[in-house]
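Peer 1: Dropping a structure here in structure tokens format, bear with me for questions.
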Amino acid sequence: MDDRLNSLIDFIDISDKVIDIGTDHAYVPIALAKRGNTKLLATDVHENALNIAISNIKYNGLENVILTKLSDGLDNIDTSLYDTLVIAGMGGKTIINILNKDRLKLECINKLVIESNDSLPIVRESITNLGYKLKREKVTHVGNHYYVTMEFLKGKSILSEEVKLLGIFNKSNREYYEYLLNYYNDLLSKVPSNLTDRISEINLNIKYLNEYINNI
Ligand SMILES: C[S@@+](CC[C@H](N)C(=O)[O-])C[C@H]1O[C@@H](n2cnc3c(N)ncnc32)[C@H](O)[C@@H]1O
């Protein structure tokens, strides 16, 4: 288990009843089961991935604790016995599509633990619009990549522009903010001058990043 997966586990309570969507090797539910979670469902849209998950679960002797299901998002899943979704290691568009497809299936889901490969502002905004409040985030640095794990709890909220763009301010994220500032400054020097909307968006990120860094 690398630090990214350990971060996901940290957001789950032992009493949470968890569906891990896009489980792949089932590393997350296996770690949760070993830690004491007893209600776990591992799903994947690809049969090959789910078969690997099933053999890993069996190898660990956890087939009585972790159920498995082949499913595109929540399509084949009865969510009513669960209260928590984990969706990690997927693109933002896929994550949003899964959550938007059948909102009735989210009625019993109180917690979402999300780790998106991209489009973090759109993910934050879309999930807020679904009636969840961004509660906590954790930035994990693995290799040369920063991963952001987000925890949403059911509830209405207003997402400020800076939190939508950069996440919840955290003094321990200085290195991450500096990395983003370099990234956006570099991008600004490369964007064609006719893309005015893109330039405004980059400048807004730079403004908020400077504010975040100055507050550390
Ligand atoms: C890169 S892996 C991430 C695995 C694991 N969640 C993690 O964070 O390490 C993405 C997995 O999501 C699955 N996946 C992609 N789209 C999906 C969908 N619509 N529904 C369920 N699983 C999906 C893929 O088959 C793949 O196994």
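Peer 1: If you take every DSSP beta bridge fully contained in region 3-158, what fraction is antiparallel? Give it as a percent rounded to 5.
Peer 2: Approximately 45 percent, going by the DSSP bridge assignments.
Peer 1: Follow-up question, since we're still on this one. Filter the trypsin sites (Lys or Arg not before Pro) in region 113-216 to those in DSSP coil with at most 12 other Cβ atoms within 10 Å of their Cβ, and list the result.
Peer 2: Hits after loop and neighbour filter: Lys156.
Peer 1: Helix by helix through the chain, keep the DSSP H runs that span 20 Å or more along the axis on Cα and average at least 1.6 on Kyte-Doolittle, and give those back in order.
Peer 2: Sorted by number, there is nothing, because no helix extends far enough and scores high enough.
Peer 1: Mind jotting down the distance between the C-alpha centroids of region 145-202 and region 63-99, whole Å?
Peer 2: Result: 27 Å between the Cα centres.
Peer 1: In deg cm²/dmol, rounded to 500, what helix-only [θ] at 222 nm does the chain give when every DSSP H run of at least 4 residues adds -39500 (n - 2.57) and the total is split over its residues?
Peer 2: That calculation yields -13000 deg cm²/dmol at 222 nm.
Peer 1: Please list, in chain and number order, the residues 5+ apart from Tyr132 or on another chain whose amide H is under 5 Å from its amide H, with Hs placed from the backbone.
Peer 2: Placed amide hydrogens put Gly155 under 5 Å from Tyr132.
Peer 1: Obtain the nm distance between the two label points defined at Tyr146 and Ile122 by a simple spin-label model: each point lies 7 Å from its Cα along the Cα-to-C-beta direction.
Peer 2: Computed distance between label sites Tyr146 and Ile122 equals 2.0 nm.
Peer 1: Checking the table Lys105/Lys133; Lys58/Lys133; Lys154/Lys207; Lys69/Lys156; Lys58/Lys105 against a 26 Å threshold on Cα-Cα, which pairs fail?
Peer 2: Correct reply: Lys58/Lys133; Lys154/Lys207; Lys69/Lys156; Lys58/Lys105.
Peer 1: May I pose another question? Using Cα springs under 10 Å in a Gaussian network model of the chain, which residue among Leu106, Leu181, Leu165 shows the largest mean-square fluctuation?
Peer 2: Between Leu106, Leu181, Leu165, it is Leu181 that shows the largest mean-square fluctuation.
Peer 1: Would you mind estimating how fast the chain diffuses translationally, via Stokes-Einstein at 10 °C and 1.306 mPa s with the Kirkwood radius over Cα pairs, in µm²/s?
Peer 2: So the translational diffusion coefficient is about 87 µm²/s.
The numbers here are math on the coordinates, done by the rules we state, and not lab data. For clarity, every value in this text was computed on a predicted model and none was experimentally measured. So basically every Cβ, Gly included, is an ideal-geometry build from the backbone, and we count neighbours across all protein chains shown.
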